[in-house]
Amino acid sequence: MSILEIKNLKYEYSRGNPVFKNINVNLDEGKVYAILGYSGSGKTTFLSLLGGLDTPTEGEILFKGENIANYGLAKHRKDNVSFIFQSYNLIDYLTPMENVSIASKLPPKPILEKVGLTNEEIKRNVLKLSGGQQQRVAIARALASEAPILLADEPTGNLDEETAEGIMSILKDCSHKMNKCVVIVTHSKDLAKQTDVVFRLKKGELQVERNK
Amino acid sequence: MNFIKRAYLYTTRKKLKTILLFSIILILSTLLVVCFSINSSSNMANANVRKGLKCGFTVNAKTLKNGLNENIIKQILNIDGITDDYTLRSYTIAEYRDLNNNKLKTKDDVGLKVYEHAGKVVCDNFSEKDTYFTEEGFKLISGEAITPEKKQVALIHEEFAKNNNLNIGDYIVLNTVEGKEISIKVQIIGIFTNTRKADTENYTDTTNLYQNTIFSDLSTASKLNYEQDNENCQYGDFIVEDPLELDNIISQMKNIEGVSWDSCVITKSDSNYENTKESLEGLAKIVSTAIIVIFIISIILIILILNLWTKHRVYEIGVFLSIGIKKADIIWQHITEIFIVAIPAFIFSFVTSSIATKIVESKLISSITNSIEISVNICDWLLVSGIGLIIILIATVISIYQITKIKPRDIFTI
Ligand SMILES: Nc1ncnc2c1ncn2[C@@H]1O[C@H](COP(=O)(O)OP(=O)(O)O)[C@@H](O)[C@H]1O
Ligand SMILES: [Mg+2]
């Protein structure tokens, strides 16, 4: 069974103007998905529905077979998904160690080391880290929550190509080595190439562009 | 990581904010505690001044057929706020005779003659408290003063005693000069003199001359005035504990039944209070205005600052919500933060306001009045701290509550 089953999903901000409709797709653990699409095509909206940040206008999202609306959106956010944002969203008065600790009881150090931060960096003020390092902290925080689903909205949008590559490979590791379901919204076709499945949001529909 | 730890890290790492908020709370609470202390001290001083003023009222029941009786006096004294310091008085004019019915010699070389061998009989429950003794310079030179338990007694003037060869222990007879003839035998228990000369001597009625005045007791007065064997009297002077209550007490007295109060003349004696009132109230008014103004400014300032600062934390709150931290937990974090700063500020304000009140006392208050000593009252300080904490708590909850109303969906667009 897929970890996320999306059935007949429709969302509209104003009546009669759906951002998208009729989306039917299943997402599995251990796979990296990319969602491509023009700005304004509804990528963020779609991701927020998967993450339980909002309720769909029509259709349902099942987590391990259970409708997340019944499961409880807040509980879904807490237990099942982790978000990674374009702007990292780190807490500026906490060190990387502490930023990871707010999300879980797991010891933060091994996780931060796993995403490639040094012993010194993990105790520095987060604002004194580079963009790439900050995004690594954000990923570490997402991993610390032990949620099986990782939702990343343009995680490399603010980073240069090389750094973006590094982040991509960490996310890939998360999926392939830790068996997480990773959904990445991105502009970059290059990055999308590295994922297992590529979707495109276009004219309110989710099309499968590639499924290797 | 729980909210207490987060609150601790926030306040210790955002040092500038912490210091700023600490200073604002410290300054405002110090100002308030100082004002409250001045207020308390001046209220206390006012109350003391008022009590020392001996304000009260006089009931003139001369027009009542039988005057004021003991039962009514008792009821008046039972009213809350009336002191035990009261005097009862009656006046009459009597002709003085010896036991053999011979008319006694009175002074008649000055003044206007209306009645001969007669004088004013001043009857008191306490002769010592009579204004002749307290204000007009009369002095008892031998014997005893008149007190309530003494009946059919008299104090006579030194000169009258000498002219009639009277001594303490002797008896004289007082006779009414008008209306029904009543006479009563009284025993001399004291001799007085006047230390000052009356300036009205030459044109007053001879009965009013000091030398012809006799002091007696209320039972004698009642006999002569009303032909009754009781202690009914014409006048009662009462003193109230607090001049502020004077009108209230008088109206309570008028509710006592059995007296036609409309026929009585009630005179307030509170001129000394009315005179000091303005200076007492001046400071109180300034201080209470200051308290209100500072309070309002504090509330507005605190709400504005907290609101502004919390708005800057939308992003942080959004992140917390997105990783599943509960709204209540976030609200508790903010409350804890503000308490970490506010509680030490309020505690420290005890020290700063103690110093400030001393400065205010020496620099400011002493130039207005010197009857006030100001010190910080723990109750005032606790009150300011308590109200302050509540205001801060409310301000925090309001500002944070607005933020937590953000839909989780908005987190992406923060
Ligand atoms: N809060 C909102 N209220 C109304 N319309 C919105 C809101 N957020 C996004 N939209 C609209 O919905 C569409 C999809 O937005 P979004 O999901 O952010 O697109 P993308 O992430 O692909 O750029 C856009 O046309 C956008 O203007
Ligand atoms: Mg977007």
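The values are calculated or read from the model by the stated rules, or taken from the named source; none is laboratory data. These figures come from a predicted structure and were not determined experimentally. Because the Cβ atoms are built from the backbone with ideal geometry, glycine has one as well, and the counts that use them run over all protein chains shown. Heads up: the accessible areas ignore ligands, DNA and RNA and are worked out on the full protein's heavy atoms, side chains in. Shrake-Rupley method; radii C 1.70, N 1.55, O 1.52, S 1.80 Å.
Pick out, in residue order, every one of the GluC sites (Glu not before Pro) in region A:37-136 that is DSSP loop and has at most 14 other C-beta atoms within 10 Å; say none if there are none.
On the way: sites: A:58, A:60, A:66, A:98, A:113, A:120, A:121; in loops: A:120.
Of the GluC sites (Glu not before Pro), the ones in loops of region A:37-136 whose Cβ has at most 14 other Cβ atoms within 10 Å are A:120.
Sticking with the crude label model, points 7 Å out along Cα→Cβ, report the distance from residue B:19 to residue B:65 in nm, one decimal please.
Simple spin-label model gives 8.8 nm for this pair.
Average partner chain C-beta neighbours within 10 Å, per residue of A:90-102?
Working: counts 3, 9, 4, 9, 7, 2, 0, 1, 5, 3, 1, 3, 9.
So the per-residue partner count for this stretch is 4.
Per the helix-only calculation at 222 nm, which mean residue ellipticity applies to chain B, given -39500 (n - 2.57) for every DSSP H run of n ≥ 4 and division by its residues, nearest 500 deg cm²/dmol? Don't jump to the answer; show the numbers that get you there.
Details: 11 runs with 195 residues, N = 414.
Counting only the DSSP helices, I get -16000 deg cm²/dmol.
Rounded to the nearest 5, what % of the DSSP beta bridges within the protein assembly as shown are antiparallel ones? Present the calculation step by step, with values, prior to reporting the outcome.
Details: 60 of 86 bridges.
Taking every DSSP beta bridge within the protein assembly as shown, about 70 percent pair in antiparallel fashion.
Can you flag which of A:177/B:407; B:51/B:285; A:43/B:17 are past 27 Å Cα-Cα? If you can, show how the numbers build up before the last one.
Numbers: A:177/B:407 34 Å; B:51/B:285 20 Å; A:43/B:17 38 Å.
Violating the 27 Å Cα-Cα cut-off are A:177/B:407; A:43/B:17.
Accessible area lost on pairing A with B, both sides, 1.4 Å probe, Å² to nearest 100? Intermediate results must be reported in sequence, preceding the final value.
Working: alone 10280 and 21880 Å², together 29960 Å².
Accessible area lost upon association: around 2200 Å².
Taking beta carbons within 10 Å but only from partner chains, what does the mean come to for residues A:139-148?
Counting other chains' Cβ atoms within 10 Å and averaging over A:139-148 gives 1.
For residue B:158 paired with residue A:118, estimate the spin-label separation in nm (one decimal), with each label point 7 Å from Cα along the Cα-to-Cβ line.
That separation, rounded to one decimal, is 11.1 nm.
Given a Förster distance of 60 Å, report the FRET efficiency between residue B:296 and residue B:112 from their Cβ-Cβ distance, rounded to the nearest 0.05.
On the way: r = 69 Å, r/R0 = 1.16.
Calculated value: 0.30.
May I ask you to compute the full-extension gain from residue B:80 to residue B:272, defined as 0.36 nm times their residue separation minus their alpha-carbon distance, rounded to one decimal in nm?
Numbers: separation 192, 0.36 × 192 = 69.12 nm, distance 2.19 nm.
That works out to 66.9 nm of additional length.
Taking R0 as 22 Å, what's the FRET efficiency between residue B:247 and residue B:43 from their Cβ-Cβ distance, rounded to 0.05?
Values: r = 20 Å, r/R0 = 0.90.
Computed FRET efficiency for residue B:247 and residue B:43: 0.65.
Loop only per DSSP, at most 16 neighbouring Cβ atoms within 10 Å: give me the trypsin sites (Lys or Arg not before Pro) in region B:150-246, ordered by residue number.
In loop regions of region B:150-246 (DSSP not H, G, I, E or B), the sparsely surrounded trypsin sites (Lys or Arg not before Pro) are B:151, B:180, B:196, B:197.
When the solvent-accessible surface of protein heavy atoms is calculated with a 1.4 angstrom probe, in what order do A:165, B:337, A:154 fall, highest first?
Numbers: A:165 85, B:337 10, A:154 35 Å².
So, going from the largest accessible area down, we get A:165, A:154, B:337.
Once phi is turned into θ = phi - 60°, what whole-Hz ³J(HN,Hα) does the Karplus curve with 6.51, -1.76 and 1.60 give for every residue of region A:159-175, x standing for Gly and Pro?
10, 6, 4, 5, 4, 4, 4, x, 4, 4, 6, 5, 4, 5, 4, 3, 6
Keeping every protein chain present and rolling a 1.4 Å probe, give me the accessible area per residue for the protein assembly as shown in Å². Present the calculation step by step, with values, prior to reporting the outcome.
On the way: 29960 Å² over 626 residues.
That works out to 48 Å² for each residue.
Mind checking region B:156-197 for GluC sites (Glu not before Pro) that DSSP puts in a loop (not H, G, I, E or B) and that have at most 14 other Cβ atoms within 10 Å? Write out the running numbers ahead of the final one.
Details: sites: B:158, B:159, B:178, B:181; in loops: B:178, B:181.
Sites meeting the loop and neighbour criteria: B:178, B:181.
Leaving ligands and nucleic acids out of the surface, order B:149, B:231, B:241 by accessible area at 1.4 Å, largest first.
B:149, B:241, B:231
Tell me the Rg and the Dmax, in Å, that the Cα atoms of the protein assembly as shown produce.
In order Rg, Dmax, the Cα atoms of the protein assembly as shown give 47.4, 148 Å.
Nearest 0.05, what FRET efficiency do residue B:393 and residue B:135 give at R0 = 60 Å with Cβ-Cβ as r?
On the way: r = 61 Å, r/R0 = 1.01.
About 0.50, to the nearest 0.05.
Can you give the Kirkwood hydrodynamic radius of region B:56-269 from its Cα pairs, in Å with one decimal? Write down the numbers at each step before the final one.
Values: mean 1/r = 0.0559 Å⁻¹.
Hydrodynamic radius (Kirkwood, Cα pairs) of region B:56-269 is 17.9 Å.
With θ taken as phi - 60° and the coefficients 6.51, -1.76 and 1.60, list the Karplus ³J(HN,Hα) couplings across region B:381-394 in order, rounded to whole Hz; mark glycine and proline as x.
Working through the residues one at a time gives 5, 5, 4, 4, 5, x, 4, x, 4, 5, 4, 5, 4, 4 Hz.
Apply the Karplus curve 6.51 cos²θ - 1.76 cosθ + 1.60, θ = phi - 60°, to the phi angles in region A:126-138 and return the couplings in whole Hz, x for Gly and Pro.
Using θ = phi - 60°, the values come out as 4, 5, 9, 9, 6, x, x, 5, 5, 5, 5, 4, 4 Hz.
By how many nm would the segment from residue B:171 to residue B:254 grow when fully extended, if each residue of separation counts as 0.36 nm and the alpha-carbon distance is taken off? Spell out each step's value before the answer.
On the way: separation 83, 0.36 × 83 = 29.88 nm, distance 4.07 nm.
Net length gain for the segment: 25.8 nm.
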